[in-house]
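Shown next, in structure tokens, is the structure this report addresses.
The values are calculated or read from the model by the stated rules, or taken from the named source; none is laboratory data. Not measured: the values here are computed from a predicted model. Note that we place each Cβ from the backbone using ideal geometry, even for glycine, and neighbour counts take in every protein chain shown. Just the protein is used for accessible areas: all its heavy atoms, side chains included, with ligands, DNA and RNA removed. Shrake-Rupley method; radii C 1.70, N 1.55, O 1.52, S 1.80 Å.
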Amino acid sequence: MEGRAAALGAGTVLNALATGTGAAFGIDVETRATVELDPAADLVEGEIAEDADGDTDLIERCVALATERWGDGEGGTVRTDSDVPLAAGLKSSSAAANATVLATCDALGLAVGDGPDDPAVDVTRLEACRLGVRAARAAGVTVTGAFDDATASMLGGVTVTDNDADELRARETVDWDVLVWTPPERAYSADADVARCEAVAPMADLVADLALDGRYGEAMTVNGLAFSAALGFDADPAVEAMPHATAVSLSGTGPSVVAVADPADPETDLDAVVDAWGGRSGTLRRTTTRNDGAAVE
């Protein structure tokens with residue numbers, strides 16, 4: 001009983017730590033999961049390819065919760081490998097959870113789709129997404145549950161969510177070129193200063209209004225400035241990118257900064273952002289948005 005799946009990393013439009021409302025968008029970096037189920041096994045053992053000593057609690061919980069809900073409580077093994085850097089604000093935990101839940105469904109022989117009333121669909125992607133969020137909360141890797149990050153990873157496009165209710169409020173496709181700068185340091189979402197984030201709640205409410213009005217670029221940039229200040233990150237990279245990008249933001253709780261450009265807009269130039277950021281330590285990654293989301297392989 002083996003299953004495989006892949007899920008997307010994502011960037012931030014609105015950090016949900018201030019108000020519980022969040023927004024994110026899928027990008028073309030993936031985490032892949034392979035799950036092997038054994039009906040005779042009681043436990044799940046996990047492995048993270050990029051970090052032999054990494055905490056596997058999240059992916060093990062995802063398998064256990066999925067087999068408890070849709071199987072017969074099978075144990076087994078789960079292995080993830082990823083292009084999404086860990087603890088960099090690019091939704092590595094959401095991607096790992098989504099890929100693992102879908103791979104477990106695949107191992108159980110379940111058909112995954114989006115139509116809740118489609119008799120050919122055993123598990124919808126939103127159901128799988130919510131189960132992964134439940135596992136993330138139980139594993140303590142998220143403060144809000146990160147339903148915004150999880151839906152962007154699972155569904156692709158831009159999603160706006162109520163993270164307190166795990167409710168999808170809006171989803172739209174977007175086609176942007178993307179540049180990500182990731183500094184060498186790491187920042188774990190569970191360690192974020194929630195009180196300082198809550199202090200910028202009025203700005204977060206403004207960002208939510210912009211996002212729900214489809215003004216994602218403006219929302220993203222305002223979010224980046226507000227949460228860089230709240231979380232103690234330098235806003236200079238964002239300011240350097242603003243003349244050349246459709247939008248730029250601190251992603252998640254950092255440390256990555258993500259700039260996006262509408263390829264149809266001649267006023268944007270991510271090459272100029274590369275030049276501005278090129279002297280900074282860390283890594284630069286060019287990619288694009290994706291609107292298809294996670295899938296069984």
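Being assigned to a loop (DSSP other than H, G, I, E, B) and under 30 Å from ALA97 (Cβ atoms) is the requirement here; does ASP265 meet it? No; evaluated as a whole, the condition is false for this residue. Condition (residue is assigned to a helix (DSSP H, G or I) and touching a residue at least 60 places away in the same chain (Cβ under 8 Å)) applied to the range 72-90: is it met by at least one residue? So far as the range 72-90 goes, no, none of its residues is assigned to a helix (DSSP H, G or I) and touching a residue at least 60 places away in the same chain (Cβ under 8 Å). Checking the stated criteria, GLY109 turns out not to satisfy the condition of being closer than 22 Å to ARG290 by Cα and surrounded by fewer than 24 Cβ atoms within 10 Å (Cβ to Cβ). From the list ASP205, ASP164, ASP148, the lone residue that is in contact (Cβ under 8 Å) with a residue 24 or more places away in the chain and assigned to a loop (DSSP other than H, G, I, E, B) is ASP164.
I'd like to know if the range 136-145 contains one or more residues that are part of a helix (DSSP H, G or I), touching a helix residue (DSSP H, G or I) at 6+ places or on another chain (Cβ under 8 Å) and among the hydroxyl-bearing types (Ser, Thr, Tyr). Within the range 136-145, not a single residue is part of a helix (DSSP H, G or I), touching a helix residue (DSSP H, G or I) at 6+ places or on another chain (Cβ under 8 Å) and among the hydroxyl-bearing types (Ser, Thr, Tyr). Of the residues contained in the range 98-108, none is found to be assigned to a loop (DSSP other than H, G, I, E, B) and under 26 Å from THR182 (Cβ atoms). Among the residues of the range 243-297, those identified as more than 30 Å from ARG32 (Cα to Cα), in contact with an Asp or Glu (Cβ under 7 Å, 6 or more places away or on another chain) and not β-branched (Val, Ile, Thr) are HIS244, ALA276.
What is the number of the single condition among (1) free of Cβ contacts under 8 Å to residues at least 24 places away in the same chain; (2) closer than 27 Å to ASP83 by Cα; (3) in a helix (DSSP H, G or I); (4) open to solvent by 40 Å² or more (accessible area, probe 1.4 Å) that ASP234 does not meet? Condition not satisfied by ASP234: (3). Across the range 208-222, what is the number of residues that are part of a helix (DSSP H, G or I) and without any contact (Cβ under 8 Å) to a residue 60 or more places away in the chain? The number of residues fulfilling the criteria is 7. If the condition is being open to solvent by 10 Å² or more (accessible area, probe 1.4 Å) and touching a helix residue (DSSP H, G or I) at 6+ places or on another chain (Cβ under 8 Å), then the range 146-166 contributes ALA146, ASP149, LEU155, ASP162, ASP166.
For the range 107-120, a residue qualifies if it is within 24 Å of the chain's Cα centre (by Cα) and farther than 11 Å from GLY71 by Cα, and the qualifying residues are ALA111, VAL112, GLY113, ASP114, GLY115, PRO116. Restricting the range 166-198 to residues that are aliphatic (A, V, I, L, M) and at pLDDT 95 or above leaves a set whose member that is farthest from ASP271 (Cα to Cα) is LEU168. For LEU126, state whether it is open to solvent by 20 Å² or more (accessible area, probe 1.4 Å), hydrophobic (A, V, I, L, M, F, W, C) and out of contact with any strand residue (DSSP E or B) (no Cβ under 8 Å at 6 or more places or on another chain). Judged against the criteria, LEU126 is not a match. Taken over the range 174-198, the criterion of being farther than 17 Å from SER228 by Cβ, over 16 Å from the mean Cα position of the chain (by Cα) and part of a loop (DSSP other than H, G, I, E, B) is satisfied by ASP175, TRP176, PRO184.
The residue of the range 16-45 that is farthest from VAL200 (Cα to Cα), among those that are part of a loop (DSSP other than H, G, I, E, B) and open to solvent by 10 Å² or more (accessible area, probe 1.4 Å), is ALA40.
Here is the figure for the range 237-256: residues that are part of a strand (DSSP E or B) and either open to solvent by 10 Å² or more (accessible area, probe 1.4 Å) or hydroxyl-bearing (Ser, Thr, Tyr) (or both) total 1.
Across the range 268-285, which residue is surrounded by the fewest Cβ atoms within 10 Å (Cβ to Cβ) among those that are assigned to a loop (DSSP other than H, G, I, E, B) and among the polar types (S, T, N, Q)? So the residue we want is SER281. Out of ALA66, ALA88, one residue alone is under 29 Å from VAL260 (Cα atoms) and open to solvent by less than 10 Å² (accessible area, probe 1.4 Å). It is ALA88.
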